[in-house]
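This report concerns only the one structure given below.
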Amino acid sequence: MNQMRIPDSLVEKLLSKGGDFSKEQLAGLRKQAAAEKQPLQDVVIKSNLVTEKELTKLYADEIEVPFVEIKAAEISHEVLKQLPERIARQYNAVIFGIDKQDIKQVAMEDPDDIQALNFLQKQLGNKLKIHITTSSLLQAALDQYRGTISSELTKVITNEEDADDNEEEVDESDLAEDSPVAQTVNILIEYGIKSGASDVHIEPREDHVVVRYRIDGLLREANKLPRKLLGSLVSRIKILSNLKIDEHRAPQDGRFKIEVSGQIYALRVSTLPILDGEKVVMRILNESSKAADFTELGFWGTALADLKQAITQPHGMVLVTGPTGSGKSTTLFSVLSSLNTPNVNISTVEDTIEYHIVGANQTQVNPVAGMTFTNGLRALLRQDPNIIMVGEIRDGETADLAVQAALTGHLVFSTLHTNNAATCLPRLLDMGVEPFLIASTVRVVIGQRLVRRLCIDCREAFVPDAALLKHLDEAFHLNDNGGLKRLHELEAAALKDGIDASTGSKDKTSSELSTSPSAITKLWKAHDTGCDSCGHSGYKGRIGIYEVLSNTSAIQKLIVSNSTSENLEQTATGEGMLTMQLDGFIKALRGQTTIEEVLRVTAQE
């Protein structure tokens, strides 16, 4: 769904009226909008200068229509259904309440749409009170027309003619756009996206098909479907992904795109023959998503300063390490997006392009066609790049090429699969890269993990007992890290740098510190049964915990002398580097995650 268009001249008027923008700023934005051939409204929101909500509020004041922040989950179905779904979607309008005088409260995205207003008055009568709301809030309200995944699937599946329980031959009519199977696939994907899932698993079992979603890193079972649907379900997904329908014995990979709630999602599809049939996993990638800034990702303090300094260097290497699914691609996407300006050439070679960076030249690895990381990187170096991103350094040849590129005036980004930042440098030595080359090219190494973020609506603070404090002391080596006094100083610095979970929370005590110079006064935990906002899990979303090892002169000396990762880490922490565990501990004190989560993801260290 496209958001309402506000004319450029009016956007300018609203912004200058708001008083936060100078004439020079507005002229710069006008220039940018003309250069990018985009409406001024989009440029302003994309630049994070005002939010969609703030701009809509300014517009509401201008046209004298009340602004309403509709809360989709609080609209009753009886009220919503007074306007049929088809009409609501066609005219981008919903009824969100009825007052005591029986006046229907209607929220629209564009109250200047005369045709829509006339139709709504015909449909609902004259007792209407029109409000304006944002595109995303309206979309969330429209989504309330849908039931739960179980009820939606039941509706679709029972509409299908009763078939035998045996698996049937897949008929072409089963796979048409409007067939029950196509609807089932759409519902499964839609609910995956709405639940914030990163992957949808469709798994055949002996007598049924299981659908599971990976949400915040953990798999949750969502539904069981009749076994007889398996063939047509898999075939429908294969058709969408341009895969061979008649190939059931070999794994296949493909991708397709889908639009949900006005956002474009790319689904990366993988099929695999298993004992009970073909299993399908779909990775959900939001192509409309904007890169998060470094604070949103969870960087702060010296880690943030070291990262920012490294990426503004004209050349050198920045390496990100961590296991699969630790958010390395997301970090690189944010870094590259922050460097993405019209006067630099960003070129990448990736094994499955996860994020599309507008204006960057992204190449997909294809070993069958001879496009390996090594060959891709060689070709890139002839393409006059300023910034290069290699999806992963897997072997000595790629490592050598990446180092040579960093030496010859390029800024090179890449990932390695090692447990933490310090083990990354000896890993390059193992690949045969000369120690003095590593010492002179690597700028920083980022080690990272993802932890589940506590739901700010229902998390709970508690006072730790003596046994827990003893356990924390052992687990996080508090005495080695400067004791409670340093912990208190770090927490205060984290709060100052925006590592705070009180934003949007009803509980304002979270902006208070959880430590004093001599004690840990409180910790946070997930609510046992959660709340509606977090799907009753107690957690909502994820945040990164990081260690950023800066290649100082002391570290360079250790690299050249083939030092161990333990020595490297010891020196780095002595110079002020926070380990992932300690960074996680600070975020747990700030109420962003729990101690259990931090220990769960860093247990192997």
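No partner Cβ under 4.7 angstrom, meaning no disulfide-compatible partner by this rule: which Cys of the chain qualify?
Lacking a cysteine Cβ partner under 4.7 Å: Cys424.
So how do 239-245, 179-185, 448-454 stack up, highest first, on mean other-Cβ count within 10 Å?
Result, highest mean Cβ count within 10 Å first: 448-454, 179-185, 239-245.
For the pairs Lys17/Lys46; Lys290/Lys522; Lys557/Lys587, flag any whose C-alpha to C-alpha distance is greater than 25 Å.
Lys290/Lys522; Lys557/Lys587
Which order do the peptides 401-410, 288-297 take when ranked by the mean count of other beta-carbon atoms within 10 Å per residue, highest first?
The most tightly packed comes first, giving 401-410, 288-297.
Heavy-atom accessible area of Glu566 with all protein chains present, probe 1.4 Å, nearest 10 Å²?
120 Å²
Students sometimes get this wrong: rank Ser261, Ser514 by accessible area, probe 1.4 Å, all chains present, largest first.
Output order, biggest surface exposure first: Ser261, Ser514.
In segment 46-137, what % of DSSP beta bridges are antiparallel (nearest 5)?
Counting DSSP beta bridges with both partners in segment 46-137, the antiparallel share is about 45 percent.
Would you kindly derive the ³J(HN,Hα) couplings of segment 203-216 from the backbone phi angles with the Karplus curve 6.51 cos²θ - 1.76 cosθ + 1.60 (θ = phi - 60°), listing them in order in whole Hz, with x for Gly and Pro?
10, x, 10, 4, 10, 7, 10, 9, 10, 10, 10, 8, 10, 6
If you take every DSSP beta bridge fully contained in the chain, what fraction is antiparallel? Give it as a percent rounded to 5.
65 percent
I need the shape label for segment 370-492. Rule: rounded when a/c is under 1.5, else prolate if a/b > b/c, else oblate, with a, b, c from the alpha carbon gyration tensor.
prolate
What's the carbon and sulfur percent of the chain's accessible surface, probe 1.4 angstrom, rounded to a whole number?
49 percent
Any idea of the accessible area per residue across segment 251-368, 1.4 Å probe, to the nearest Å²?
44 Å²
With every protein chain left in place, what is the accessible area of Lys46 in Å² (1.4 Å probe, nearest 10)?
About 90 Å², rounded to the nearest 10.
Rounded, prolate or oblate: pick one for segment 321-431, where a ≥ b ≥ c are the square roots of the eigenvalues of its C-alpha gyration tensor, a/c under 1.5 means rounded, and failing that, prolate if a/b is larger than b/c, else oblate.
rounded
Could you sort out which of Lys104/Lys224; Lys100/Lys122; Lys194/Lys328 sit more than 30 Å apart by Cα distance in this structure?
Beyond 30 Å between Cα atoms: Lys104/Lys224.
Please name whichever of Ser347, Val68, Cys534 sits farthest to the positive end of the charge dipole of the chain, dipole taken about the Cα centre and charges placed at Cβ: Lys and Arg +1, Asp and Glu -1.
The listed residue farthest towards the positive side: Val68.
Kindly sort Val344, Val43 by accessible area of their heavy atoms, largest first, with the probe set to 1.4 Å.
Val344, Val43
Which order do Met431, Met371 take when ranked by solvent-accessible area (1.4 Å probe, heavy atoms of all protein chains), largest first?
If we order Met431, Met371 from most to least accessible, we get Met371, Met431.
The values are calculated or read from the model by the stated rules, or taken from the named source; none is laboratory data. Treat the numbers as computed from the prediction; the structure is a model and nothing was measured. In this analysis, Cβ positions are derived from the backbone assuming ideal geometry, glycine residues included, and neighbour counts consider all displayed protein chains. We work out accessible area using only protein heavy atoms, side chains counted, and drop any ligands, DNA or RNA first. Shrake-Rupley method; radii C 1.70, N 1.55, O 1.52, S 1.80 Å.
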